[in-house]
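These notes concern the structure reproduced below.
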Amino acid sequence: MATAIAASDAKRLPDRRFDHLFFSGMSLLVLVCVFIGFAPTYFLAGVFRAHLPNIIIHFHGAVFSCWILLLVLQTGLVSAHRVDLHRRIGLFGFALACLMVILGSLAAANLLVRSVAPPGIDPKTFYVIPFSEMIMFAVLVLLAYRARRDPAAHKRFILIATVALLGVAFTRFHVFFLHRRVLPALLASYSFLLLLALYDLWSTHRLHHATSLGSALVIGVGLVRVPLAHTAAWQLFASWVQSHAHWLG
């Protein structure tokens, strides 16, 4: 009887081809958001000819752009049933992610050295946001790598790792409620987590554990990092980074 009920429930679930449509669509939506955010100052400004502060930011922009393009390529390969090629390219993707963490950390320190922050936010306080994003990204990519033999968990961790970096793209949208406004931009990026949760509930009638864990990490860190940034310990750490990273300026 239990087997019959389980089989009946399975028949009511959407066809698994919807996974291909959903994750390919999400990767393209990420690409569109990143392009809109960085088009004026980077993509439409000639990429390598764009007037960026220094070479570190150029490398940072190029490598992060490659990650977004790789996300689109990898979801497309899975949709085309080229999992063999997807897995081979995945090794390059893991190496690229490691490089992103290094360059992202350097770029965050560079912002601190140049005292760059949104209006009304102290640079040392703001530093907690790009710094914590690199930690979240590293943890989520590591979880994705460990789950590489579990496709459902792997692709969710990869998507959430990318979403953890999307806030900066939304702060560059030229709309009054997002432009250079950190909290609204972060909330906009969380809409991707909501879409993923809704898809889980629609397609499997439950939240996937990777969706729950990854989303809890991103939102949890988002809630605690601003109070952390106002502590004496964080301010001391940020001052130490600022005093030892002048060579990045």
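The values are calculated or read from the model by the stated rules, or taken from the named source; none is laboratory data. The shown structure was predicted, so the numbers you read here are calculated from the model rather than taken from an experiment. Virtual Cβ from ideal backbone geometry, glycine too; neighbours counted across all protein chains shown.
Taking only pairs six or more apart or across chains, which ones have beta-carbon atoms under 7 Å, a first residue in the stretch 115-133 that is among the small types (Gly, Ala, Ser), and a second residue that is surrounded by fewer than 18 Cβ atoms within 10 Å (Cβ to Cβ)?
As it stands, the answer is Ser115/Pro123; Ala117/Pro123, since those pairs meet every condition given.
Is there any pair with a first residue in the stretch 174-195 that is without any contact (Cβ under 8 Å) to a residue 40 or more places away in the chain and a second that is surrounded by fewer than 15 Cβ atoms within 10 Å (Cβ to Cβ) and outside any helix (DSSP H, G or I) whose Cβ atoms are under 7 Å apart and which are 6 or more apart or on different chains, and what are they?
Between residues of the stretch 174-195 that are without any contact (Cβ under 8 Å) to a residue 40 or more places away in the chain and residues that are surrounded by fewer than 15 Cβ atoms within 10 Å (Cβ to Cβ) and outside any helix (DSSP H, G or I), the close pairs are Pro184/Phe177.
Quick one: in the stretch 44-61, which of the residues that are small (Gly, Ala, Ser) and surrounded by 14 or more Cβ atoms within 10 Å (Cβ to Cβ) is modelled with the highest pLDDT? It would help to see each step written out before you state the result.
Narrowing the stretch 44-61 to residues small (Gly, Ala, Ser): 45-46, 50, 61.
If we keep only those that are surrounded by 14 or more Cβ atoms within 10 Å (Cβ to Cβ) as well, we get 45, 50, 61.
Numbers: Ala45: 91, Ala50: 90, Gly61: 94.
Filtering first and then ranking leaves Gly61.
Could you tell me which residue of the stretch 130-166 is farthest from Leu186 (Cα to Cα), considering only residues that are out of contact with any helix residue (DSSP H, G or I) (no Cβ under 6 Å at 6 or more places or on another chain) and of a type in the set (D, E, K, R)?
It comes out as Arg149.
Would it be correct to say that Val34 is modelled with pLDDT of 95 or more, surrounded by 13 or more Cβ atoms within 10 Å (Cβ to Cβ) and of a type in the set (Val, Ile, Thr)? Steps first, answer last, please.
Details: modelled with pLDDT of 95 or more: yes; surrounded by 13 or more Cβ atoms within 10 Å (Cβ to Cβ): yes; of a type in the set (Val, Ile, Thr): yes.
Yes.
Name the pairs whose Cβ atoms lie under 7 Å apart, with the first residue in the stretch 57-86 and closer than 25 Å to Leu112 by Cα and free of Cβ contacts under 8 Å to residues at least 40 places away in the same chain, the second in a helix (DSSP H, G or I) and not acidic (Asp, Glu), and 6 or more positions between them or separate chains?
Sorted first by the residue in the stretch 57-86, then by its partner, the pairs are His58/Phe48; Gly61/Tyr42; Cys66/Leu96.
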